[in-house]
1. Of the conditions (1) within 30 Å of Asn474 (Cβ to Cβ); (2) assigned to a helix (DSSP H, G or I); (3) in contact (Cβ under 8 Å) with a residue 60 or more places away in the chain, Ala269 satisfies every one except a single condition; which number is it?
2. Suppose we keep only residues that are without any contact (Cβ under 8 Å) to a residue 60 or more places away in the chain and out of contact with any Pro (no Cβ under 9 Å at 6 or more places or on another chain) within segment 409-424. Which one would you say is farthest from Ser280 (Cα to Cα)?
3. If the requirement is being over 11 Å from the mean Cα position of the chain (by Cα), closer than 30 Å to Gly423 by Cβ and part of a loop (DSSP other than H, G, I, E, B), which of these qualifies: Ala292, Ala195, Ala204, Ala209?
4. As an exercise: evaluate Lys30 against (1) of a type in the set (D, E, K, R); (2) more than 21 Å from Arg81 (Cβ to Cβ); (3) at pLDDT 90 or above and give the number of the one condition it does not meet.
5. Leu366 is checked against (1) loosely packed, with under 13 Cβ neighbours inside 10 Å; (2) in contact (Cβ under 8 Å) with a residue 24 or more places away in the chain and fails just one. What number does that condition carry?
6. Could you grab me the full set of residues in segment 217-245 that are more than 14 Å from Leu273 (Cβ to Cβ) and aliphatic (A, V, I, L, M)?
7. Name the residue that is farthest from Arg193 (Cα to Cα), counting only residues in segment 416-448 that are assigned to a helix (DSSP H, G or I) and β-branched (Val, Ile, Thr).
8. For segment 121-141, state whether one or more residues are over 28 Å from Ile357 (Cβ atoms) and among the charged types (D, E, K, R).
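The values are calculated or read from the model by the stated rules, or taken from the named source; none is laboratory data. Just so you know, these numbers come straight off a predicted model, no measurement behind them. Here Cβ is always computed from backbone atoms with ideal geometry, including for glycine, and neighbour counts include all displayed protein chains.
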Amino acid sequence: MSGSMSPDSQLIQYDETIEKALNNIAKLLKARYNFSKRMIALLLLQEDDEITKMAKIREADFPQIFSIIQQTKSKYKDPLRYVITLQCRQRSDQILAGVITDSKKETQLQSWLDQISINPFTGIPILLLVLYFGLYKFVGQFGAGTLVDLIEGNLFENYINPWVNQVTAKLIPWPSIQTLIAFDYGIITLGLRYAVAIILPIVATFFLAFSLLEDSGYLPRLALLVDRLFKKIGLNGRAVIPITLGFGCDTMATLVSRTLETKRERVIATLLLALAIPCSAQLGVIMALLSANPASLGIWAGFVIMIFLLVGYLAAQLMPGEKPAFYMEMPPLRLPKLSNILEKTLSRVQWYFLEIIPFFILASVLIWIGKITGLFDAIINGAAPLMYALGLPSEAAEVFLFGFFRRDYGAAGLYDLQDSLTGVQLVVAAATLTLFVPCIAQFAIMVKERGWKTGLAIACFVFVIAFLCGIILNLLLTSLGVTL
């Protein structure tokens, strides 16, 4: 390239409507800024908070500037920020195309896989296959079934717990301290058993499956596939990342929701994660409990999905704010690399395991305190009418009390209670527990990310909706004479 480029020739040229708005706003700007008038006009069009506040104070003609912005916005169906970003991206692609040659062309197979993964007619069956083999077969049956039976059923029940009970009874003469360490609610026999024998196998298999999908490049295509549906519930396709991650850990997913564009989207995503997205351990335990009866599993899954969509739709209608727009980087599909998958899985399992162990120990200690003070029994007795309304025995209150400390802790409690429940009771308990209030860790992150008022409002809403939906489900199943 010969010669030098003038400053004007280096400017990104937008479409005629935006260029006209930029020129008109720039002419009205009279105050001095650290940037060019064109840059200030561009930021005003994108409704940058800081520049807008500054212009309101400094510019006498700001009402006229505001009118130009509103008129320009009305000419596009998408937010101006998105339109401007898209046009910048197109210009950058043009520049790069002139100086970069891609030696790795997309193969015909990659192109074909790309198309069928985002086309609804083929993409939805592919998604169902991924859910069936990835979640149901691998996490639900292998992780929550085979591995949990091996570690919890054989190792802990037959060897570790009896040995801990025996040693504790011999070495510690005080019954109250014995129950803190061992027996029904001990730190080792309950807390560590839940964490190591029930939760760890399920979490490990989920994160292994998630890392495989992530490394293959499938998740962005899933985002594109569900974008239209997610817009009905106030989100866009990008929200599939925190929502999918919620099936691993809702606490982590709530943190990731900060990547969503608007406050409205972040609040809706946080609400749906707290209400209807079971973490991997809770999901795995419930699938292990219900998978023996496909009808039970179908009722539970259909009911939870219906509540997820209904609450999301109502939230989208009632909450004010900008409607979501969707744009996302689309990496190429590739064969997953084993070292990447193992490294990601190990890192996530390590983080999760280190995060849950203190909570499980704390939960065991709090339950022990509740037991020796009588508070635990008082709460269970007080919750008995609510359990009866759900069609459950009063002992089921323990499961929900466990679930308050951690969702997966409650699911593990339901696993222990399964022999005393009928098929219908098990479905009602599983559905209500899935919708139940977020655990302490998730609630803390909700408050940190969304603030006290929003976090507390979501928790209270979820508590009421969970039990209301559980009561309705029980009435429906019993009045229709369903037997499972």
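1. (3)
2. Once the filter is applied, the top-ranked residue is Asp419.
3. Only one candidate qualifies: Ala292.
4. The single condition Lys30 does not satisfy is (3).
5. Single failed check for Leu366: (1).
6. Leu219, Leu222, Ala223, Leu224, Leu225, Val226, Leu229
7. For segment 416-448, the residue satisfying everything is Val447.
8. Checked against the condition, which is being over 28 Å from Ile357 (Cβ atoms) and among the charged types (D, E, K, R), segment 121-141 yields at least one hit.
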